[in-house]
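Have a look at the structure below before the remarks.
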Amino acid sequence: MPTVVLMDVSLSMTRPVQLDGTEEFQRKNLAVHGLTMLFEHMATNYRLEFTALVAFSSLWELMVPFTRDYNTLQEALNNLEDYDKTCLEPALQGVSNIVQQEWGSTCPCQVVLVTDGSLGIGRGSLRHSLSTIKHRSEDKKFPLPFPFPAKLYIMCIANAEELQNSDTLDNLEQLLSLNGGEGQIFTVEGPLCLKNVQSLFGKLIDQAYTPFHAVLRCGNLSSDVQVFPRPEPVIMDEEVDPAPRTILTDLEIVGFIEIGDISSPPVLSRHLVLPIAVNKDVDEMGTGTTDETEEENSANQMAGKSPNFCVLLHGSLKVEGMVALVQLGPEWYGMLYSQADSKKKSNLMMSLFEPGPEPLPWLGKVSQLGPTSDAKENPYGEDDSKSPFPLQPKSKRSYAQNVTVWIKPSGLQTDVQKILRNARKLPEKTQTFYKELNRLRKAALAFGFWDLLKGVADLLERECTLLPDTAHPDAAFQLSHAAQQLKLASTGDSQYAAFDHNITPMLTDFSGSGSSDRDRM
Amino acid sequence: MKMFSISHKTAFVVDHCPYMAESCRQQVEFDMLTKNRPQGVIPLAPVSKSLWTCAVECSMEYCRILYDIYPTRKLVNFIVSDSEFHILNSWNQADQSTQELMAALAAVGPPNPHEDPECCSILHGLMAAVESLCKITEYQHEARTTLMDKADRVSNRGRIICITNAKSDTHVRMLEDYVQETIQEQNKLAISSDRLMQIQQCELVLIHTYPFGEETLVSDRPKKEISPVLTSEVHSVRAGRHLASKLNILVQQHFDLASTTITNIPMKEEQHANTSANYDVELLHHRDAHMEFIKSGDLHPAGSTSRDSGLKETVTLKWCTPRTNSVELHFCTGAYRISPVDVNSRPSSCLTNFLLNGRSVLLEQPRKSGSKVISHMLSSHGGEIFLHVLNCTRSTLEDPPSISEGCGGRVTDYRITDFGEFMRENRLTPFPDVQGSEVAGKVPLERAKRQLERHTRYWPMIISQTTIFNMQAVVPLASLIVKESLTEEDVLTCQKTIYNLVDMERKNDPLPISTVGTRGKGPKRDEQYRIMWNELETLVRTHMGSSERHQRVLDCVLACRSKPPEEEDRKKRGRKREDREDKGEKNGKDSESERSWQESERLKAALERDREELAEAEVIKDSPDSPEPLNKKPRLEVEDVQPAEKAKGPVSLLTMWTNRINTANSRKHQEFAGRVNSVNNKAELYQHLKDENGMDPHENGKAMR
């Protein structure tokens, strides 16, 4: 989940902060201090996160495009200059464009807006933007909600008391609700000082940037892992099941499936599963402490040499071309597989399926998947030549069952032509002739299209008269029999017009002499 | 994403009154001229569909598309109205299919034009539709039972699609009022019933249809709120293809569908089998498959309008010839069922049959900039075709640290193949959903988890951590002991395996004990067996609680471990012998030979590195610091023969060569078994014993066998 830091560099950010006896700070200094702390945290605990830095006043500028290089970000942060007034709307539009250009519109993002809470006056102010929001033309729509799923974190370098004097908080809350309520507003508690700004950003870190640690298990084998990016809670049906679902920190493998059988399933999100060495001390100290980096590094080196289940699992999944089905919560599953990037590096990846008992129709209910050893016969065959997947649905789809649609005249004409073509090749094509005839008959009865039955009956009778002398005598018999049956059906008489009734070929015997029959015609 | 939205229940009400028997006045030629037709035949008069036929076939098409895309959870109740109402199916999932409806419609037949129009009314059907919407569906019932005290979260909404021939706008208003009143009445009734639910929201879609060439007496009206519960909209359309395209648009609106046209589909021509022309096929699917286009505003690429389906828009995607294979795991963000707009046209059925045969097609998105992006994939799974949405933007997970850089990444001897075998054994397979299986604790997935637990009770991850899993001789026991229950035969097999190991020990067969991480020669032979037995005991012990038979296997292991006295005796002697060998090895001359051998080995290693860039670990093994190759025995034997020669002077070429070959061989496991069986070597070994302790005919005899 990439992050955009949207930093207010308007003049109001340079307002000095009253501090007792220490050197004078600007709000901007406090903001930079807070962001430095965030960047340091990310560099150690969340280093795969892509972050971009945008500075804005009346204009906006992309200071650092998306990167994992936190030194560059820090450097740019330290060199921010001061500009004029605050115009949030164009800046948000800028963020929207930057994110879409880089990640498209499906990738969820986090936007961290750092401001002092003075959101401008008059035209270009947030208040003005929000008041005109309903009177916009299509091309000048307010950038929120973003086209991509986004969390908006608003870091106010101001305390709640001073913000209460204006309508800032109302405006910001409106901004959040425009974003579908996704995000949070943070304000400084107590007087503005380095310590309180630290705790402000500490709250953001706890909220949005704590790494997700879990235990990956396969029976008695297990490994401590970090799942990156952090899996976000999912809401399935806001009405029936409004509580967001979060994945368990105990990820249990339930079995294995071939890649061909799981067959490019749709997934909610993808995550790297990185094995970690759990250092008990670090855990107890909590996150956010940076002094232990070196210790951790040496611990990591040690950990590199002791066998880890993730590496074993990854290796075998890659070699065998399989995925591991993993349970993420009650009725929620995902899959683990080896993902190789273009540089021949590969990694253990986890994809989350949509929560529910049956995320993939072709696997059926996941709870009904069991060990092959329980089956009477090995469903994969003794030589691995078979597969129990995909599961066949109970009913066939229209395109798989030769349905009759006569909405376009061509549909009807094709069906009549098929009957005629077969009629001319009687008696060889007797079976197909009757099959097509019955298909037409069924549809005509269902649609109440009795005129068609009469019409086709006439058609068959005429065909009968046009039969060449060389034709087999049976042809004439079958044609007139079929015509007669259609006529009877077209009366709607329940005896002949039953839907399930099929016209069967007339039983004829031409082994003896058929000439007398022919004379009778 | 609401499960019980308005589209959960659709009640179709089709007018079956006498005037619906009227012709729609659009003629269909069905007697087409063909090339081989005799001259002078006058074609039969074209036929014309009745208003009823038009209404029924269009509503069937609506249902066809609906059932293709939502095989479950979106339900239709079909009602026909004349002098009374006829309900053709129920909300039950089993009744939801076009075949079912077609059969029921055939039983109803076309309207009787001679029936008294005064007795007939669409009102009967509308009343039945409202009543029906109050009825609880299987899904609503299930959701209510699972939610228990929160059952009120399950809503009851629905839609009534009424196809009729109205007389005027006033008539239409009368129909709306009637529906509104009926809802109020039925809702009162529903309060006191378990099987009924109050209608919270109802959408009435009135479709007035009239013959071609007539003036309409009813005007179109967009959706308007009649009451908080009821909204209503009026569509006035001519029968025939106009009605068809109207219902096609409605089914898209009602079920959030969108259209994609697959273009440039190469298809063999019927007449010219060796040429192929390009065709287009239009598909409907959930509109989320276009999410990326909708959001990025790319929804209207040049020339993306549907030809004649009357739809407002369709997205064009191009058939991509480099096909994909099924073993590739695409990053796919959605998969949506499709339904072809023109299901039995030749291009459509060619495409669907191609896909149903198990092939997948990648689809390319024509971009304004001209760059190619593969954005979708068509693929069938078990007879259903899905449009997969592929991720085509930059990934946030690019350039991750390789797994070899992380924890456990430096370890090189993982039991990858063995774990692969383990995964194959633990593959999943679907089991039929049997009622009551949960009670018996036999949910298949739980059984799968339990199997994984059993199979991993003792599972060393790396080759150097295990002896027994490197031994072919242990396989029968190892694969049986993890079973939930053992048969007598299984126990027997396990016992045989154990006896076989005892036999191996008696014969003093070498074991594949890993010496990684240990200095010197590694453990002695009897120490090796002790390690092996310990490991085997650990494995079997983890399963002893499973059943009495598992316990018996453990008993067998324990019994066989305790050696008979003569065995112990032999062991002691064996140890003495090995001590002596150790001393021999410390001999200065011996190490001299070692050194010269090492030099030649280094030369060879350097050569090899140049030639095929051997893994570093391989080379390191030969350096003096690294542990000795596991299988030392054969070499010792050779050395035992050599001393006389060695004393005479520098090491002979033959000795160096033999040493080299021995070392090379001992590094490979495959060679191991072969050498074990080598009769000559064994004979040498026991000869040695004999020299020291005199004749031992019993043991020697065995060894020579």
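When the stretch A:427-448 is examined, which residues are found to be assigned to a helix (DSSP H, G or I) and closer than 17 Å to B:GLN99 by Cβ? Break it down into steps so the answer makes sense when it comes.
The initial filter retains those residues of the stretch A:427-448 that are assigned to a helix (DSSP H, G or I), namely A:430-446.
If the condition is that a residue be assigned to a helix (DSSP H, G or I) and closer than 17 Å to B:GLN99 by Cβ, then A:LYS435, A:ASN438, A:ARG439, A:LEU440, A:ARG441, A:LYS442, A:ALA443, A:ALA444, A:LEU445, A:ALA446 are the ones that fit.
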* To do: May I ask you to verify whether B:LEU189 is aliphatic (A, V, I, L, M), on the phi < 0 side of the Ramachandran plot, modelled with pLDDT under 95 and more than 35 Å from the chain's Cα centre (by Cα)?
  => yes
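Only one residue in A:LEU77, A:LEU92, A:LEU38, A:LEU48 is more than 31 Å from the chain's Cα centre (by Cα) and not in a strand (DSSP E or B), so which one is that? Lay out the reasoning, then the answer.
Working: A:LEU92 fails: more than 31 Å from the chain's Cα centre (by Cα); A:LEU38 fails: more than 31 Å from the chain's Cα centre (by Cα); A:LEU48 fails: more than 31 Å from the chain's Cα centre (by Cα).
Within the list A:LEU77, A:LEU92, A:LEU38, A:LEU48, the selection yields A:LEU77.
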* To do: Within the stretch B:393-410, track down each residue that is within 7 Å of chain A (Cβ to nearest Cβ), assigned to a loop (DSSP other than H, G, I, E, B) and of a type outside the set (D, E, K, R).
  => B:THR393, B:THR396, B:LEU397, B:PRO400, B:SER402, B:GLY406, B:CYS407, B:GLY408, B:GLY409
* May I ask you to list pairs of residues, at least six apart or on different chains, whose Cβ atoms are under 6 Å apart, with the first in the stretch B:444-461 being at the interface with chain A (Cβ under 7 Å from one of its Cβ atoms) and the second being modelled with pLDDT of 90 or more and assigned to a helix (DSSP H, G or I)? => B:PRO444/A:GLN368; B:LEU445/A:SER367; B:MET461/A:LEU312
* Asked: In the stretch A:434-447, is there at least one residue being farther than 19 Å from B:MET32 by Cβ, of a type in the set (D, E, K, R), surrounded by fewer than 21 Cβ atoms within 10 Å (Cβ to Cβ) and facing chain B (nearest Cβ under 10 Å)?
  -> yes
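Is it fair to say A:ASP451 is out of contact with any Asp or Glu (no Cβ under 9 Å at 6 or more places or on another chain), assigned to a loop (DSSP other than H, G, I, E, B) and either within 14 Å of chain B (Cβ to nearest Cβ) or surrounded by 16 or more Cβ atoms within 10 Å (Cβ to Cβ) (or both)?
Taking the combined requirement at face value, the residue does not satisfy it.
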* **Number of the exception - B:ASP413 against (1) more than 8 Å from every other protein chain (Cβ to nearest Cβ); (2) over 30 Å from B:LEU355 (Cβ atoms); (3) out of contact with any Pro (no Cβ under 9 Å at 6 or more places or on another chain)** => (3)
* Asked: Out of the stretch A:204-219, which residues are loosely packed, with under 15 Cβ neighbours inside 10 Å and in a loop (DSSP other than H, G, I, E, B)?
  -> none
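Pick from the stretch A:389-415 the residues that are in a helix (DSSP H, G or I) and facing another protein chain (nearest Cβ under 7 Å): which of them is surrounded by the most Cβ atoms within 10 Å (Cβ to Cβ)? Steps first, answer last, please.
Here is the first cut: in the stretch A:389-415, the residues in a helix (DSSP H, G or I) are A:398-400, A:409-415.
From what's left, facing another protein chain (nearest Cβ under 7 Å): A:398-400, A:409, A:411-413.
Working: A:SER398: 22, A:TYR399: 26, A:ALA400: 18, A:PRO409: 17, A:GLY411: 18, A:LEU412: 23, A:GLN413: 16.
Here the residue is A:TYR399.
Would you say A:ALA471 is in a helix (DSSP H, G or I) and not basic (Lys, Arg)? Show your work before the answer.
Values: in a helix (DSSP H, G or I): no; not basic (Lys, Arg): yes.
No, not satisfied.
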* the stretch A:361-378 - residue that is farther than 18 Å from B:VAL443 by Cα and within 7 Å of another protein chain (Cβ to nearest Cβ) and, of those, surrounded by the most Cβ atoms within 10 Å (Cβ to Cβ) -> A:TRP362
* Asked: Checking B:ASP308 against (1) at pLDDT below 90; (2) within 24 Å of the chain's Cα centre (by Cα); (3) within 14 Å of chain A (Cβ to nearest Cβ), which test does it fail?
  -> (2)
* To do: Go through the stretch B:373-389 and count every residue that is modelled with pLDDT of 90 or more and more than 8 Å from chain A (Cβ to nearest Cβ).
  => 5
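Can you name the strands (runs of 3 or more DSSP E) wholly within the stretch B:1-103 that have at least 2 residues being within 11 Å of chain A (Cβ to nearest Cβ)?
Numbers: elements: B:9-15, B:23-28, B:47-50, B:75-81, B:85-87.
The strands (runs of 3 or more DSSP E) meeting that bar are B:23-28, B:47-50.
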* Candidate set: the stretch A:312-348, residues that are among the small types (Gly, Ala, Ser) and part of a strand (DSSP E or B); chosen: the one surrounded by the fewest Cβ atoms within 10 Å (Cβ to Cβ) -> A:ALA340
* Asked: Among the residues of the stretch A:97-106, is any acidic (Asp, Glu), assigned to a helix (DSSP H, G or I) and either farther than 26 Å from A:HIS128 by Cα or out of contact with any helix residue (DSSP H, G or I) (no Cβ under 7 Å at 6 or more places or on another chain) (or both)?
  -> yes
* Of all residues in the stretch B:471-495, which are away from chain A (no Cβ under 14 Å) and within 14 Å of B:GLU421 (Cα to Cα)? -> B:VAL475, B:ALA478
* To do: Kindly indicate whether any position in the stretch B:311-324 is at pLDDT below 80 and not in a loop (DSSP other than H, G, I, E, B).
  => no
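Rundown of residues vs (1) aliphatic (A, V, I, L, M); (2) surrounded by fewer than 22 Cβ atoms within 10 Å (Cβ to Cβ), yes/no style:
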{"site": "B:ILE6", "(1), (2)": "yes, yes"}
{"site": "B:VAL13", "(1), (2)": "yes, no"}
{"site": "B:ILE42", "(1), (2)": "yes, yes"}
{"site": "B:LYS74", "(1), (2)": "no, yes"}
{"site": "B:VAL80", "(1), (2)": "yes, no"}
{"site": "B:SER90", "(1), (2)": "no, yes"}
{"site": "B:CYS119", "(1), (2)": "no, yes"}
* Given the conditions (1) within 29 Å of A:TYR496 (Cα to Cα); (2) not in a helix (DSSP H, G or I), report the number of the one that B:ASP194 does not fulfil. => (1)
* Filtered residues of the stretch A:455-470 (kept if more than 11 Å from chain B (Cβ to nearest Cβ) and surrounded by fewer than 17 Cβ atoms within 10 Å (Cβ to Cβ)) -> A:ASP469, A:THR470
* To do: Answer yes or no: is there a residue in the stretch A:325-334 that is at the interface with chain B (Cβ under 7 Å from one of its Cβ atoms) and among the hydrophobic types (A, V, I, L, M, F, W, C).
  => yes
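When the residues of the stretch B:352-372 are filtered to those that are in a strand (DSSP E or B) and surrounded by 15 or more Cβ atoms within 10 Å (Cβ to Cβ), which remaining residue is modelled with the lowest pLDDT?
Quick first cut of the stretch B:352-372, residues in a strand (DSSP E or B) only: B:361-366, B:372.
With surrounded by 15 or more Cβ atoms within 10 Å (Cβ to Cβ) added as a condition, the list becomes B:361-366.
Working: B:VAL361: 90, B:LEU362: 91, B:LEU363: 92, B:GLU364: 89, B:GLN365: 83, B:PRO366: 75.
Of everything passing the filter in the stretch B:352-372, B:PRO366 is modelled with the lowest pLDDT.
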* **For A:ARG421: the one exception among (1) surrounded by fewer than 16 Cβ atoms within 10 Å (Cβ to Cβ); (2) at the interface with chain B (Cβ under 8 Å from one of its Cβ atoms); (3) outside any loop (DSSP other than H, G, I, E, B)** => (2)
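Against the definition (surrounded by fewer than 22 Cβ atoms within 10 Å (Cβ to Cβ), at the interface with another protein chain (Cβ under 9 Å from one of its Cβ atoms), aliphatic (A, V, I, L, M) and farther than 30 Å from B:PHE386 by Cα), how does B:ALA107 come out, yes or no?
Working: surrounded by fewer than 22 Cβ atoms within 10 Å (Cβ to Cβ): yes; at the interface with another protein chain (Cβ under 9 Å from one of its Cβ atoms): yes; aliphatic (A, V, I, L, M): yes; farther than 30 Å from B:PHE386 by Cα: yes.
Taking the combined requirement at face value, the residue satisfies it.
Applying the selection to the stretch A:159-214, what residues are basic (Lys, Arg) and in contact (Cβ under 8 Å) with a residue 12 or more places away in the chain?
As a first pass, look at the stretch A:159-214 and keep what is basic (Lys, Arg): A:195, A:203.
Selection gives A:LYS203 alone.
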* Structure fact -> If you go through B:LEU217, B:LEU204, B:LEU243, the only one that is within 30 Å of B:LEU351 (Cα to Cα) and touching a strand residue (DSSP E or B) at 6+ places or on another chain (Cβ under 8 Å) is B:LEU243
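The values are calculated or read from the model by the stated rules, or taken from the named source; none is laboratory data. The shown structure was predicted, so the numbers you read here are calculated from the model rather than taken from an experiment. Don't worry about glycine lacking a Cβ; one is built from the backbone with ideal geometry, like all the others, and counts go over all protein chains shown.
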